[in-house]
Amino acid sequence: MAENCFLQDIRSARASADALLGTAAAGPQKSVELLQTLLAAEIVCIRRYTGLAVSPLGLKYVSIGTEFQEQANDERRHMILLAERIAELGGVPDYAPHGLIAKHYVSDDTEARLAEIVRDNLLAERSVVEQYRQLIGYFGKFDHKTCAVLKFVLQDEEHHMADMHDLIAADAGQGKSFLN
């Protein structure tokens with residue numbers, strides 16, 4: 001199922017960061033590899049949100065499509081910031097990370113599945129927020145520039161998480177689908 005692949009890719013990026021943090025190695029290469037895990041998560045989210053924005057559902061419900069496109073645009077800006085920092089640290093940004101399993105994230109974008117899609121997005125955003133917080137703690141000890149970049153991006157990610165939560169709350173508060 002596409003949504004499971006989406007969440008699996010997000011979790012995989014986080015697991016890669018966790019594994020790297022568990023190693024004794026330090027230095028620019030480790031920093032680049034950690035930032036690459038965030039870059040991979042951003043790429044996954046760009047694909048997901050762009051796909052939702054231009055899906056039949058996103059095109060039919062303009063406000064929903066617009067919300068997803070705004071988030072895709074934010075994720076694209078995050079990707080650029082991370083790629084720039086990776087390059088500054090002497091690395092080469094990988095825009096086709098190995099191991100991503102989902103190539104297309106919107107397979108069954110019916111109105112009946114919208115709440116499930118939004119819940120998957122919320123789970124993904126929570127995971128990404130946790131990953132950013134974890135890496136802010138790591139970089140905050142020795143790399144203040146990277147830490148500042150991550151804190152800047154974290155603010156947007158927390159906003160995305162709140163947006164997904166608000167959509168779910170609006171749906172639940174109406175006792176019916178927020179599309180009706």
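Computed quantities for the displayed model
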read-out: Candidate set: the range 118-132, residues that are over 8 Å from the mean Cα position of the chain (by Cα) and within 10 Å of residue 154 (Cα to Cα); chosen: the one surrounded by the most Cβ atoms within 10 Å (Cβ to Cβ); value: 131
read-out: Subset of the range 18-39 (residues that are touching a residue at least 60 places away in the same chain (Cβ under 8 Å) and under 16 Å from residue 79 (Cβ atoms)); value: 34, 35, 36, 37, 38
read-out: Test result for residue 55, in contact (Cβ under 8 Å) with a residue 24 or more places away in the chain and of a type in the set (S, T, N, Q); value: yes
read-out: Given (1) under 20 Å from residue 124 (Cβ atoms); (2) at pLDDT 85 or above, number of the condition residue 108 does not satisfy; value: (2)
read-out: Verdict on residue 63 being at pLDDT below 90, within 20 Å of residue 159 (Cα to Cα) and surrounded by fewer than 20 Cβ atoms within 10 Å (Cβ to Cβ); value: yes
read-out: Meets criteria (at pLDDT 95 or above, touching a Pro at 6+ places or on another chain (Cβ under 6 Å), under 18 Å from residue 33 (Cα atoms) and not aromatic (Phe, Trp, Tyr)) for residue 87; value: no
read-out: Unique residue being among the hydrophobic types (A, V, I, L, M, F, W, C), surrounded by fewer than 22 Cβ atoms within 10 Å (Cβ to Cβ) and closer than 21 Å to residue 127 by Cβ when the list is 57, 38, 81, 89; value: 81
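The values are calculated or read from the model by the stated rules, or taken from the named source; none is laboratory data. Note that the structure is a prediction, hence the values are computed from the model and not measured. Glycine also receives a Cβ, built like all others from the backbone with ideal geometry; neighbour counts cover every protein chain displayed.
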